[in-house]
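Trainee: Got a structure for you, written out below as structure tokens; questions coming shortly.
The values are calculated or read from the model by the stated rules, or taken from the named source; none is laboratory data. The model shown is predicted, which means the values in this text are computed figures rather than measured ones. FYI the Cβ positions are ideal-geometry reconstructions off the backbone, even for glycines, and counts take in every protein chain you see. Surface areas here come from the heavy atoms of the whole protein model, side chains and all, with no ligands, DNA or RNA. Shrake-Rupley method; radii C 1.70, N 1.55, O 1.52, S 1.80 Å.
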There are 2 protein chains.
Amino acid sequence: MPEFSFTIEAECSTSWARAGTIQTPHGEIPTPIFMPVGTQATVKSVSPEELKAAGAKIILANTYHLMLRPGSPLIDSFGGLHPFMHWDGPMLTDSGGFQVWSLGHLRKLSEDGVVFKSHLDGSTHTLTPERVMQIEAELGADIVLPLDICAPYPSTPRDAKEAMERTHRWEERALRAKERYRPEQTLFGIVQGAFESDLRRESARIIGNMPFPGLSIGGLSVGEPKEMLWEMLSYVTPELPRNKPRHLLGVGSPEDLVIGVGLGVDMFDCVLPTRVARHGGLFTQSGRVNIKASRFRSQRGPVEEDCTCYTCRNYSAAYVHHLIRTEEQLYYRLGSIHNLHFMLHLADQLRTAILADRYPAFRDDFLARYVPASERIREEQRNKWKIAMSRQV
Amino acid sequence: MPEFSFTIEAECSTSWARAGTIQTPHGEIPTPIFMPVGTQATVKSVSPEELKAAGAKIILANTYHLMLRPGSPLIDSFGGLHPFMHWDGPMLTDSGGFQVWSLGHLRKLSEDGVVFKSHLDGSTHTLTPERVMQIEAELGADIVLPLDICAPYPSTPRDAKEAMERTHRWEERALRAKERYRPEQTLFGIVQGAFESDLRRESARIIGNMPFPGLSIGGLSVGEPKEMLWEMLSYVTPELPRNKPRHLLGVGSPEDLVIGVGLGVDMFDCVLPTRVARHGGLFTQSGRVNIKASRFRSQRGPVEEDCTCYTCRNYSAAYVHHLIRTEEQLYYRLGSIHNLHFMLHLADQLRTAILADRYPAFRDDFLARYVPASERIREEQRNKWKIAMSRQV
């Protein structure tokens with residue numbers, strides 16, 4: 001039996017928010033939780049000790065990137081990702097599916113699986129539900145995800161349905177394969193269904209009833225308006241079994257965390273907090289600020305008063321501003337630590353609010369004072385990212 | 001009276017090596033010592049806590065860079081560099097002279113001082129011996145250096161003599177100016193004289209007898225063969241008063257440290273350990289290795305067995321190799337920490353050897369087993385650096 005359990009400690013009386021505890025072989029995870037992303041077996045610029053100090057309880061690593069470099073057999077020969085990257089807490093690996101669609105080239109999709117060319121060197125690789133279970137067994141995370149098909153936005157209802165049904169068949173294959181490779185790992189199911197309300201409901205029912213101890217919700221945050229994401233989630237949550245933790249893949253920002261919790265999400269992961277930090281965007285209780293702005297040039301106080309992160313406890317906003325202006329590497333670390341601490345502290349605040357049954361008030365307060373990045377800034381960042389990705393090819 | 005003192009604890013019976021202790025307002029410094037360089041108020045990619053853990057006792061910051069960005073008045077308004085950069089140990093600032101020659105443009109040299117254009121934005125700045133003392137007072141380091149003229153290699157004997165004599169006059173002006181701005185700072189003298197044995201001896205005698213509590217040796221390691229550096233040093237040391245600490249500016253590598261100590265040097269500073277680390281060059285007891293090399297791809301042990309640095313205690317060479325191959329920022333930190341620890345541990349080993357009067361045996365053992373970077377690699381690195389510098393203009 002895998003050492004995995006999920007206990008619910010409190011449920012909001014007026015929303016789907018809940019507070020709980022996930023038990024894994026590498027430790028406990030209080031929920032709601034934000035999971036920092038360590039794409040290439042490192043959360044960019046942050047050490048494992050700093051992740052812990054910032055409040056991280058579980059991190060995510062990307063199967064797609066690690067299977068290409070340094071390769072899962074090498075990581076396996078070191079005893080898995082935990083010793084390889086010097087992280088001894090809980091860990092989750094995704095299936096690589098999403099990156100095959102977003103980064104890989106010349107994909108060939110069949111019932112068996114997907115053939116793609118690496119974005120690094122053009123080499124050809126095949127992923128099947130079974131092969132992904134083997135790779136994730138070699139990586140050795142506590143929680144693993146099955147190969148899925150992430151339908152693009154927009155998709156026709158017919159394409160969405162086909163992708164969902166094939167994903168469901170692949171998930172059944174993944175369940176069987178996992179038992180062959182590393183039965184002690186916890187395999188989450190993935191709900192798909194694109195942007196069709198009936199498909200989302202159907203997928204939630206089918207995957208929710210399969211023997212997965214936890215459920216990830218995929219195929220969202222792929223370019224659709226935010227309102228559509230929340231709408232889709234509102235179809236999914238009511239269909240999911242209460243006693244399994246719910247993970248919303250690839251989301252999000254501080255405001256996403258606050259809203260998503262109310263729609264029943266327990267676990268979040270996203271590169272956004274560290275990525276925007278590297279470009280100067282730092283989170284504060286009143287919204288996202290750009291630390292490059294000249295108004296910080298001589299600010300004696302920290303980036304945020306009363307913030308208890310390493311950055312704010314030890315450095316003035318003026319010094320952080322100086323570091324990014326001079327493109328010093330220490331900046332990327334200090335900015336990333338601040339944003340990760342913000343996300344983890346926010347998850348903790350949400351948990352406290354749910355335990356006291358005052359989540360709706362907390363949410364409304366937060367959203368009233370937090371000014372997210374403007375749509376213009378968001379669009380610019382998306383475009384920069386797309387250009388950067390296309391250059392990697 | 002400044003809280004500065006230098007005590008000699010042991011002297012080698014067969015070389016000029018000695019072991020001592022420097023007292024400063026921010027703490028003690030055992031000598032011989034290597035000083036990590038924090039060019040822009042940060043030792044690239046390493047935090048102050050990590051510097052301490054690596055054994056750093058004193059760090060150096062560059063007046064030229066800081067006067068341009070963020071400017072010394074801003075740093076002064078924060079109470080100086082110590083609180084600004086969150087380093088509470090001893091600190092030394094150079095005079096900016098060397099960078100004016102190596103980075104600045106359109107210099108105009110006169111008896112008064114030097115006019116140059118910033119390599120960042122072309123803005124015009126004037127440095128005089130008095131102005132440098134004012135800027136260094138605003139930066140607030142424990143040890144400060146006076147404006148000097150670093151004659152290029154090669155120089156004519158006449159040019160070398162003129163530069164030396166003007167430097168001597170500037171140093172007298174610096175001594176007077178320092179009393180006006182921040183008398184509690186410790187002003188070291190700088191010995192010049194280019195590559196003329198008689199000038200080196202003369203400068204050592206003159207500067208050595210002026211009321212400087214410590215002495216820096218400048219104008220070396222500017223492109224001349226290493227043998228010439230050591231030869232020049234051998235003219236300088238015998239002329240210097242025994243009771244003042246000696247600092248060799250801008251040197252060097254592990255082998256330089258070992259040789260320089262035998263020629264009477266107490267303090268070293270150089271960007272080399274962190275710069276070569278960023279390009280993959282890591283120090284080991286048997287020489288410099290390139291961690292990018294494929295032989296490290298699956299090396300289970302650390303970069304160096306028995307090394308007690310953070311990197312080697314916690315990560316395999318294979319992981320460090322993976323990080324540099326994937327250009328992950330954590331690499332730059334782990335590599336820099338390892339090399340700084342190596343230099344500081346080496347300084348400590350030298351000190352122990354001197355205290356036991358077995359420095360010559362330690363030196364010979366070290367040089368017999370340590371394979372420095374090849375001349376070809378060294379030349380390539382110099383060229384890359386020159387290209388990088390010219391691009392900054």
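Trainee: Can you work out the FRET efficiency for the pair A:Thr21 and B:Glu179, with r the C-beta to C-beta distance and R0 = 56 Å, to the nearest 0.05?
Mentor: In this case the efficiency is close to 0.30.
Trainee: Residues of B:31-42, mean number of Cβ from any other protein chain within 10 Å of their own Cβ, rounded to a whole number?
Mentor: 2
Trainee: Comparing A:Leu249, A:Leu272, A:Leu323, which has the greatest mean-square fluctuation in the GNM of chain A with Cα pairs linked when under 10 Å apart?
Mentor: It is A:Leu323.
Trainee: Same structure again: Assigning unit charges at the beta carbon (Lys, Arg +1; Asp, Glu -1) and nothing else, what dipole magnitude in debye, to the nearest 20, does segment B:229-383 show about its Cα centre?
Mentor: 440
Trainee: How much net charge surrounds A:Thr274 when only the other residues with a Cβ under 14 Å from the Cβ of A:Thr274 are counted, with Lys and Arg +1 and Asp and Glu -1?
Mentor: Result for the local shell: +2.
Trainee: Also, I was wondering about something else. Which net charge results when you count Lys and Arg as +1 and Asp and Glu as -1 among the other residues whose beta-carbon is under 14 Å from that of B:Asp121?
Mentor: +3
Trainee: Separate question: DSSP loop GluC sites (Glu not before Pro) in segment B:264-348 with at most 13 other Cβ atoms within 10 Å of their Cβ, which ones?
Mentor: Listed in order of number, the matching sites are B:Glu305, B:Glu327.
Trainee: Continuing with the same structure: Quote the relative contact order of chain B in percent (integer), defining contacts as alpha-carbon pairs under 8 Å separated by 6+ residues.
Mentor: 18
Trainee: Non-local amide H neighbours of A:Thr31 (under 5 Å, H modeled in plane, Pro and chain starts lacking H): which ones?
Mentor: Under 5 Å from the amide H of A:Thr31: A:Gly20, A:Thr21, A:Ile22.
Trainee: Once you charge only the Cβ atoms, +1 for Lys and Arg and -1 for Asp and Glu, what is the size of the charge dipole of the protein assembly as shown about its Cα centre, to the nearest 20 debye?
Mentor: 1460
Trainee: Right, something else. Which is farthest toward the positive dipole end of chain B among B:Thr21, B:Gly280, B:Ser102, measuring Cα position about the Cα centre, with Cβ charges +1 (Lys, Arg) and -1 (Asp, Glu)?
Mentor: B:Gly280
Trainee: How high is the relative contact order of segment B:134-252, in percent, counting Cα pairs under 8 Å that sit 6 or more residues apart?
Mentor: 26
Trainee: Continuing with this model, one more query. Under a cut-off of 24 Å between alpha-carbon atoms, report the lysines in cross-link reach of B:Lys57, not counting same-chain residues fewer than 8 places apart.
Mentor: Candidates past the 8-residue exclusion: B:Lys44, B:Lys244.
Trainee: Place a point 7 Å from the Cα of A:Ser77 along the Cα-to-Cβ direction; which residues of segment B:282-315 have their backbone N under 13 Å from it?
Mentor: From segment B:282-315, the list is B:294-301.
Trainee: For segment B:15-167, give the magnitude of the charge dipole about the Cα centre (Cβ charges: +1 Lys/Arg, -1 Asp/Glu; no others), in debye to the nearest 20.
Mentor: I would put it at about 400 debye.
Trainee: Suppose all protein chains stay in the model; what accessible area per residue would a 1.4 Å probe give for chain A, in Å²?
Mentor: 38
Trainee: Additional query: Less than 13 Å Cβ to Cβ from A:Leu229, Lys/Arg counted +1 and Asp/Glu -1: what total charge do the surrounding residues give?
Mentor: That works out to -3.
Trainee: Moving on to the next point. How big a patch of accessible area, both sides summed and in Å² to the nearest 100, lies buried between A and B at a 1.4 Å probe?
Mentor: Chains A and B together bury approximately 3300 Å².
Trainee: If we sort B:176-186, B:130-140 on the protection proxy, mean other Cβ atoms within 10 Å, highest first, what's the order?
Mentor: Peptide ranking by packing, descending: B:130-140, B:176-186.
Trainee: Mind checking the mean number of beta-carbon atoms from other chains within 10 Å of the Cβ atoms in A:199-206?
Mentor: 0
Trainee: Identify, among B:Met343, B:Thr326, B:Cys309, the residue whose Cα sits farthest towards the positive end of the charge dipole of segment B:291-375, taking +1 on the Cβ of Lys and Arg and -1 on the Cβ of Asp and Glu, with the dipole about the Cα centre.
Mentor: B:Thr326
Trainee: Select from A:Val191, A:Ser155, A:Ala204 the residue farthest towards the positive end of the dipole of segment A:104-211; place +1 on Cβ of Lys and Arg, -1 on Cβ of Asp and Glu, and compute about the Cα centre.
Mentor: Value computed over the given set: A:Ser155.
Trainee: Read phi for every residue in segment A:341-352 and hand back ³J(HN,Hα) as whole Hz from Karplus 6.51 cos²θ - 1.76 cosθ + 1.60, θ = phi - 60°, with x for Gly and Pro.
Mentor: 4, 4, 5, 6, 5, 5, 4, 5, 5, 4, 4, 4
Trainee: List the residues of segment A:294-322 that lose 10 Å² or more of accessible area once all protein chains are present, compared with their chain alone (1.4 Å probe, heavy atoms only, no ligands or nucleic acids).
Mentor: A:Arg297, A:Ser298, A:Arg300, A:Tyr310, A:Asn314, A:Tyr315, A:Ser316, A:Ala318, A:Tyr319, A:His322
Trainee: I'd like the Kirkwood hydrodynamic radius of the protein assembly as shown, using the inverse of the mean 1/r over distinct C-alpha pairs, in Å.
Mentor: Answer for the protein assembly as shown: a Kirkwood hydrodynamic radius of 28.8 Å.
Trainee: Express the carbon and sulfur contribution to the solvent-accessible surface of the protein assembly as shown as a percent, rounded to the nearest whole number, probe 1.4 angstrom.
Mentor: That share works out to 51 percent.
Trainee: Picking from B:Ser102, B:Ser110, B:Ser197, which is most flexible by a Gaussian network model of chain B using Cα springs under 10 Å?
Mentor: Looking only at B:Ser102, B:Ser110, B:Ser197, the largest GNM fluctuation is found for B:Ser110.
Trainee: Helix-only mean residue ellipticity at 222 nm, chain A, DSSP H runs n ≥ 4 weighted -39,500 (n - 2.57), per residue, nearest 500. What is it?
Mentor: -13500 deg cm²/dmol
Trainee: If a cysteine in chain B has no other Cys Cβ under 4.7 Å from its own Cβ, put it on the list, ordered by number.
Mentor: B:Cys12, B:Cys150, B:Cys270, B:Cys309, each lacking another Cys Cβ under 4.7 Å.
Trainee: GNM, chain A, Cα, under 10 Å: largest mean-square fluctuation among A:Ala53, A:Ala17, A:Ala368?
Mentor: A:Ala368
Trainee: To the nearest 10 degrees, how steeply does helix A:359-369 sit against the main Cα axis of chain A, on a 0 to 90 scale?
Mentor: 50
Trainee: Next question, about the same structure. Which chain B residue hugs the B-A rotation axis most tightly by its Cβ, and what is that distance in angstrom, to the nearest whole number?
Mentor: B:Gln329, 3
Trainee: Still on this structure, please answer the following. Using alpha carbons only, how many degrees (0 to 90, rounded to 10) separate the axis of helix A:197-208 from the longest principal axis of chain A?
Mentor: That helix lies at roughly 80 degrees to the long axis.
Trainee: Continuing with the same structure: Can you pull the mean other chain C-beta count within 10 Å for peptide B:327-340?
Mentor: 3
Trainee: Relative to the longest principal Cα axis of chain B, at what angle does helix B:375-392 sit, 0 to 90 degrees, rounded to 10?
Mentor: Value to nearest ten degrees: 60.
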